[in-house]
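Comments concern the structure below.
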Amino acid sequence: MMTTCRITGKQAFIIKNALRSAGRFFMPLTWCSAFPLPYPFLSKALLRLSKLRVLYLTFPGKAGYHSLMRKILVLGIVIFAILFLLLFGYNLASQNALARSVRDSLAAVKATARQASFQVMAILPSRDDTAYYSAIRESLLAAASEADIALRLLEYRLGAQNLTSPADPLSLPLLVESCSMLDIQGLIIAIPDSPELKKAIDVCVEAGIPVLTLEYDSPLSRRMSFIGSNPFQAGYSAGLLAARVRPTKARVVCVLPALDADSPTGRESLRMGLLSALDSYGDMRVLEVLSPSQSFQEGEGLLRELRERHPLLNVLILCTQSDTMALAQALIDLNLVGEINLIGVANSIESKRYVERGVVQAAIFRDPVLAGKACITSIRDIISGKAASAYVDTGIKTLLPAGSEIGQK
């Protein structure tokens, strides 16, 4: 049974004033990252509701409940309004904090390198996450010093997609977009691609700030250049290594980068490269290709699970350094070294030790020094108005237990 009651008196007064205040609050707004709503339309709708002469409430139940239901409605509207305004205020405060952090970063550039010809900002994954980006950081700073560029670095944690310094819960696309308001001549970013990032890059380019992407490309954006290795070639090289390590009766499981650590385009290119190389060998059978939601904290659980699902598993291909080190340690702990051939990524000294010890039978790696130098060379050429390549391939190298390296271009 449906009952309709009329809302009058103080309850109607409170509701109308709440609607009117909300409508006026949203009137000057156009966009907010926390609540992407059509604010002009919402403002008009709320103001029209506040002008209604009579308010009615329809609810299931007997007519005797109408007083209680009206009180619940009024209380719910007031609580919702308070919570919404608190969240909205927090979002605005976060954006102000972002602006302050970026301004502080720019001030640091000016204070430490007033004589430099160019000022460039770089946004990279935290050096605590991976030794590869720690080495890139040092290479960037060294190359920038030689090129007369004042370079300021900001870091974020992979997966968390948040800044680590300063520690504010801010989205990376918003950070990139805020750089369009800075007095800098160039921007280098190593951030997994997304539609929001594409828009942010386009905003910077429209503001006259050239953007260069490092390792994570954003091909649909207006970025000026991409510096990094070809994910298809990386996958193809790993597949060839697997065939070299286990040329006959290979039963393979491939673990792609976690969804929060790479872009969909990069993962798909890597997968195609792997399968292309493996399919070229008739005695290799791919049992499974995994796309985990996040990187593995420890490898024993995954290794046990894979062995239960695939008893014939004898080749495991891993596409990130963190996964390689986790599974290599799991092989040692479970006494499976040699029984399962591990192909992985070894960008750091620690990960290369697993290759030297024979726990990892072969690995691919990238050259961070070359990547850092290529970034600075390209961004300086772009700023100076010189012709710069839209893609600079830093290449893939392979490492075997004997220590021999084979370059792959």
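The values are calculated or read from the model by the stated rules, or taken from the named source; none is laboratory data. Note that this is a predicted model, so its numbers are computed, not measured. Virtual Cβ from ideal backbone geometry, glycine too; neighbours counted across all protein chains shown.
Miscellaneous remarks
- The lone criterion from (1) more than 28 Å from residue 305 (Cβ to Cβ); (2) touching a His at 6+ places or on another chain (Cβ under 9 Å) left unmet by residue 287 is number (1).
- Summed over the stretch 196-220, residues that are in contact with a Gly (Cβ under 9 Å, 6 or more places away or on another chain) and among the small types (Gly, Ala, Ser) total 0.
- Going through (1) surrounded by 15 or more Cβ atoms within 10 Å (Cβ to Cβ); (2) in a helix (DSSP H, G or I) one by one, residue 292 falls short only on (2).
- Filter result for the condition that a residue is modelled with pLDDT under 90 and either aliphatic (A, V, I, L, M) or in contact with a Phe, Trp or Tyr (Cβ under 9 Å, 6 or more places away or on another chain) (or both), over 292, 247: 247
- All positions within the stretch 357-369 that are buried (at least 17 other Cβ atoms within 10 Å of the Cβ), out of contact with any Phe, Trp or Tyr (no Cβ under 8 Å at 6 or more places or on another chain) and either of a type in the set (Val, Ile, Thr) or farther than 15 Å from residue 320 by Cβ (or both): 359, 361, 362, 364, 367
- Search result, residues across the stretch 300-316 that are in a strand (DSSP E or B) and either charged (D, E, K, R) or under 27 Å from the mean Cα position of the chain (by Cα) (or both): 316
- Of the set (1) at pLDDT below 90; (2) closer than 30 Å to residue 248 by Cα, all apply to residue 367 but (2).
- Tally, over the stretch 336-356, of residues that are surrounded by fewer than 21 Cβ atoms within 10 Å (Cβ to Cβ) and among the aliphatic types (A, V, I, L, M): 3
- Answer residue from the stretch 160-173, given it is of a type outside the set (D, E, K, R) and buried (at least 16 other Cβ atoms within 10 Å of the Cβ) and is modelled with the highest pLDDT among those: 173
- A residue that is more than 19 Å from residue 124 (Cα to Cα) and in contact with a helix residue (DSSP H, G or I) (Cβ under 6 Å, 6 or more places away or on another chain) occurs somewhere in the stretch 363-381.
- Residue in the stretch 320-335 that is among the acidic types (Asp, Glu), under 30 Å from residue 140 (Cβ atoms) and surrounded by 18 or more Cβ atoms within 10 Å (Cβ to Cβ) present: yes
- Selection count where residues are among the charged types (D, E, K, R), part of a helix (DSSP H, G or I) and surrounded by 20 or more Cβ atoms within 10 Å (Cβ to Cβ), scope the stretch 247-271: 1
- All told, residue 244 meets the bar of being charged (D, E, K, R) and assigned to a helix (DSSP H, G or I).
- Residue, surrounded by the fewest Cβ atoms within 10 Å (Cβ to Cβ), within the stretch 120-144, restricted to residues that are polar (S, T, N, Q) and modelled with pLDDT under 90: 126
- Selection over the stretch 372-396 of residues that are free of Cβ contacts under 8 Å to residues at least 12 places away in the same chain and surrounded by 15 or more Cβ atoms within 10 Å (Cβ to Cβ) gives a count of 1.
- Candidates are the residues of the stretch 221-241 that are in a loop (DSSP other than H, G, I, E, B) and touching a residue at least 24 places away in the same chain (Cβ under 8 Å); the one that is nearest to the chain's Cα centre (by Cα) is 221.
- Scanning the stretch 309-321 finds one or more residues that are out of contact with any strand residue (DSSP E or B) (no Cβ under 8 Å at 6 or more places or on another chain) and free of Cβ contacts under 8 Å to residues at least 60 places away in the same chain.
- Residue match in the stretch 276-288 (condition: surrounded by 15 or more Cβ atoms within 10 Å (Cβ to Cβ), free of Cβ contacts under 8 Å to residues at least 40 places away in the same chain and under 17 Å from the mean Cα position of the chain (by Cα)): no
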